[in-house]
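The values are calculated or read from the model by the stated rules, or taken from the named source; none is laboratory data. Here the structure is a predicted model, which is why all the values come from computation and not from measurement. Cβ atoms come from the backbone with ideal geometry, glycine included; neighbour counts cover every protein chain shown.
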Amino acid sequence: MNKKVSGKGLAIILLFILIIAAVIFFLFNNASGHQAEEAVNEFYSYEQDGSYAESWAMFHPLMQEKFLKGDYIEDRAHVFMNHFGVTSFTYSLDDVSEVHNWQMDEKSEKIDHAYKVTVTQVFKGKYGNFMIVQDVYVTLMDDQWKVLWDYNL
């Protein structure tokens, strides 16, 4: 028996295929953004715990060129703990978005594909509470997410 598919049946099949394709596209695109956000979360968890060697290790090589590991560890603890008398801080992550051809500063190489995550840190210290809101960038490099800060004016 030879059955013909009606126009209505064909339309339903095509709609179903389009829906499946859209779901797969959304899941794969969203997965990278979620992984980027998780990397930023990991970085700031290290910072919150005072594990600056681990957070430094998550920096992109361009960032590691800006700060020697020992200097970074000493500066982070010194500035926030000693100068500001910070005893703790919390942070939140917002606004994950994909960016292309981003540069850390005007002299650095362009990064083809990265994610921007807005980080809000709230510090409690001897001078009261204060907040830093910073856009942080992450890119995948050798199967590892690497953190960059923005130095553009």
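All of (1) within 20 Å of Val40 (Cα to Cα); (2) surrounded by fewer than 13 Cβ atoms within 10 Å (Cβ to Cβ) hold for His83 with one exception: (1).
Restricting region 1-26 to residues that are surrounded by fewer than 11 Cβ atoms within 10 Å (Cβ to Cβ) and of a type in the set (Gly, Ala, Ser) leaves a set whose member that is modelled with the highest pLDDT is Ser6. When we screen Glu74, Glu109 for residues that are within 20 Å of Leu62 (Cα to Cα) and not in a helix (DSSP H, G or I), the only hit is Glu109. Which members of region 119-140 meet the condition of being among the basic types (Lys, Arg) and exposed (fewer than 13 other Cβ atoms within 10 Å of the Cβ)? Within region 119-140, just Lys126 meets the criteria.
Within region 83-106, the set of residues being in contact with a Gly (Cβ under 6 Å, 6 or more places away or on another chain) and closer than 22 Å to Met63 by Cα comprises just one member, Val96.
Closer than 22 Å to Ala53 by Cβ, modelled with pLDDT of 95 or more, surrounded by fewer than 17 Cβ atoms within 10 Å (Cβ to Cβ) and charged (D, E, K, R): is that true of Lys110 in this structure? For Lys110, the condition - closer than 22 Å to Ala53 by Cβ, modelled with pLDDT of 95 or more, surrounded by fewer than 17 Cβ atoms within 10 Å (Cβ to Cβ) and charged (D, E, K, R) - is not met. For region 112-122, the criterion of being more than 15 Å from Gln64 (Cα to Cα), assigned to a loop (DSSP other than H, G, I, E, B) and in contact with a strand residue (DSSP E or B) (Cβ under 8 Å, 6 or more places away or on another chain) is met by no residue. The residues in region 136-149 that are touching a strand residue (DSSP E or B) at 6+ places or on another chain (Cβ under 6 Å) and free of Cβ contacts under 8 Å to residues at least 60 places away in the same chain can be counted, and the count is 1. Taking the criterion of being farther than 26 Å from Tyr115 by Cβ and assigned to a helix (DSSP H, G or I), the residues of region 77-102 that qualify are Ala77, His78, Val79, Met81, Asn82, His83. Would you check if there is a residue in region 80-91 being in contact with a strand residue (DSSP E or B) (Cβ under 7 Å, 6 or more places away or on another chain), touching a residue at least 24 places away in the same chain (Cβ under 8 Å) and within 17 Å of Tyr151 (Cβ to Cβ)? Within region 80-91 (the criterion being in contact with a strand residue (DSSP E or B) (Cβ under 7 Å, 6 or more places away or on another chain), touching a residue at least 24 places away in the same chain (Cβ under 8 Å) and within 17 Å of Tyr151 (Cβ to Cβ)), the answer is no, since none of the residues qualifies. Across region 142-153, the qualifying residues are those that are at pLDDT below 95 and of a type outside the set (D, E, K, R), and the one among them that is farthest from the chain's Cα centre (by Cα) is Leu153. Every condition in (1) surrounded by fewer than 12 Cβ atoms within 10 Å (Cβ to Cβ); (2) modelled with pLDDT of 95 or more is met by Trp102 except one, and the failing one is (1). Are any of the residues in region 27-50 aliphatic (A, V, I, L, M), in a helix (DSSP H, G or I) and modelled with pLDDT under 70? Among the residues of region 27-50, at least one is aliphatic (A, V, I, L, M), in a helix (DSSP H, G or I) and modelled with pLDDT under 70, which makes the answer yes.
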